[in-house]
1. Are any of the residues in segment 323-342 in the same structural domain as A400 (by TED's automatic domain parsing), within 11 Å of the ligand (Cβ to nearest atom) and within 30 Å of L55 (Cα to Cα)?
2. Kindly check whether there is at least one residue in segment 211-226 that is part of a loop (DSSP other than H, G, I, E, B), more than 12 Å from the ligand (Cβ to nearest atom) and not charged (D, E, K, R).
3. Do you know which residues across segment 1-37 are more than 17 Å from F157 (Cβ to Cβ) and among the polar types (S, T, N, Q)?
4. Go through segment 232-251 and count every residue that is within 10 Å of the ligand (Cβ to nearest atom) and either surrounded by fewer than 19 Cβ atoms within 10 Å (Cβ to Cβ) or of a type in the set (S, T, Y) (or both).
5. Just to be sure I understand, how many residues within segment 275-302 are over 17 Å from T407 (Cα atoms), within 11 Å of the ligand (Cβ to nearest atom) and among the hydrophobic types (A, V, I, L, M, F, W, C)?
6. Any residue in segment 219-237 that's closer than 29 Å to K124 by Cα: show its pairings with residues that are part of a helix (DSSP H, G or I) and within 7 Å of the ligand (Cβ to nearest atom) at Cβ separation under 9 Å, as long as the two are six or more apart or on different chains.
7. Does A106 satisfy being within 16 Å of the ligand (Cβ to nearest atom) and aliphatic (A, V, I, L, M)?
8. With respect to A197, determine if the residue is small (G, A, S), more than 16 Å from the ligand (Cβ to nearest atom) and in a helix (DSSP H, G or I).
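The values are calculated or read from the model by the stated rules, or taken from the named source; none is laboratory data. Source: prediction; values computed, not measured. All Cβ positions, glycine included, derive from the backbone under ideal geometry; neighbour counts span all protein chains shown.
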Amino acid sequence: GAPRPRLTFLGTGYLGATYAICFAELGYEVVGFDVDEAKIAKLSAGSVPFHEPGLDELLRRNLASGRLRFTTDYAETAEHGDVHFICVGTPQRADGMGADLSYVEAAVSGLSQHITRKALIVGKSTVPVGTAEWIEQLVGKHADPELGIEVAWSPEFLQEGFAVEDVLRPNRIVVGVKTEWANGMLFAAHKGVFDLAATEDREVPMVVTDFATAELVKVAANAFLATKISFINAMSEVCEVAGADVTQLSKAIGYDPRIGNRFLQAGVGFGGGCLPKDIRAFQARAQELGAGEALRFLHEVDLINLRRRTKVLQVAADLLGRRFGPAGPDLSGTKIAVLGATFKPNSDDVRDAPALAVAALLRKAGADVHTYDPQGNENAARALPTVTYEDSMNAAVQDADLVCVLTEWAEFRNADPVALGEIAKGKKVIDGRNCLDNTAWVAAGWEYRGMGRP
Ligand code: UDX
């Protein structure tokens, strides 16, 4: 067939590294670029600097095939690529609301200065709407106008833990373009994805649209997911006062295909590197554009989400017989086991993790907190050094007055309540993810409290 474009991915963090490795796997010649030499050295040596199932093996295989290499050199990156994907981070600004675009700016200007032929620069990072137009101006400032370099936008929808599948088998490709040429280049740059789907008798729809729509698709999708979670957590609050069970309510409404049962799990709420930051940045951008009112509900979504963390503190005080005063409860003299630190299972990511936030609240209230996470201890200890980290679930539960399960790792879901009951002091458990078999725990003599359950 037609020659495939050569690809580069700028920013080899979670997003860029995953894309670079998976597109090499799909048969493209790929260069991954980063300014961080340690990261590039690690990747070049065949080691993925973060935890993502399946990625290590793909990295090593594609380094060996010669289709994949990593560099810190803009000129080498510019020389390799027909299509350059910008995958650098867009952290929350210091003021807490908007997105910080300084890494995007550095990558685009660094790259454009070195490009010597017509090429396409494609934004992928999650950004405020309007960024693609701004990148076009940046390219105009730094690159030779004669080259006719073009810009496009193509958002990603990776979920941690499923990122390899999400790149190889996405449920859609979205591209924002201004010209037929850019559209054709992006089609060619994704041909490997379409071909793989065809061999598996699937189809991957491609939505071709303008810059602004493509940029908005990503934040709109994340805003919807966050809203769905906060909706069910709001129902939790109502269930708690009405004596109803949100897990059954969720199941019952989820059977309606218009609602759907996914992302309808009530618990301590959402965290991670995307949802919390994206809904805040989205509100800030809508405000700037004069549509602040339209997204005011996202502020509620955020508040409902954060309220779940305080709820755990309240239930803990209640179970331990401590009063909840205006300054919060006094939990001094109690030992609490916190099981889970990551924002979701099968990840080592503790960014904005509800589990860690609750551990911090319990500690602040004076409890002696012993935390265990199957993979997150190391990152957690850096983010929250004031609690004790244990090497096993048993060590954390030993002599505890209260056990809080805050991330639904299989190790906790499958834990034996009888065995744990023998080492704990209090036999009181808060199931912050509604992930335990409550009948079994109650049968083993535990006082059980779920989220939004009687
Ligand atoms: C999310 C989006 O799913 C993804 O499409 C986007 O590209 C990035 O953000 P991720 O951050 O990896 O992905 O996590 P996800 O699996 O979506 O979970 C987010 C948070 O929501 C977790 O803390 C999880 O525990 C919580 N959650 C999820 C619930 O509390 N209830 C649910 O029903 C589902």
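1. yes
2. Of all residues in segment 211-226, those part of a loop (DSSP other than H, G, I, E, B) come to none.
The answer is no, given that none of the residues of segment 211-226 is part of a loop (DSSP other than H, G, I, E, B), more than 12 Å from the ligand (Cβ to nearest atom) and not charged (D, E, K, R).
3. Once the filter is applied, which keeps residues that are more than 17 Å from F157 (Cβ to Cβ) and among the polar types (S, T, N, Q), segment 1-37 yields T8, T12.
4. Taking segment 232-251 as the starting set, the residues that turn out to be within 10 Å of the ligand (Cβ to nearest atom) are 232-233, 250.
So of that shortlist, the ones also either surrounded by fewer than 19 Cβ atoms within 10 Å (Cβ to Cβ) or of a type in the set (S, T, Y) (or both) come out as 250.
Going through segment 232-251 one residue at a time, the tally reaches 1.
5. Of the residues in that region, 1 qualify.
6. Hits for this filter: N222/L275; A223/L275; L225/L275; A226/L275; I229/L275.
7. Values: within 16 Å of the ligand (Cβ to nearest atom): no; aliphatic (A, V, I, L, M): yes.
It is false that A106 is within 16 Å of the ligand (Cβ to nearest atom) and aliphatic (A, V, I, L, M).
8. Working: small (G, A, S): yes; more than 16 Å from the ligand (Cβ to nearest atom): yes; in a helix (DSSP H, G or I): yes.
So A197 passes the test.
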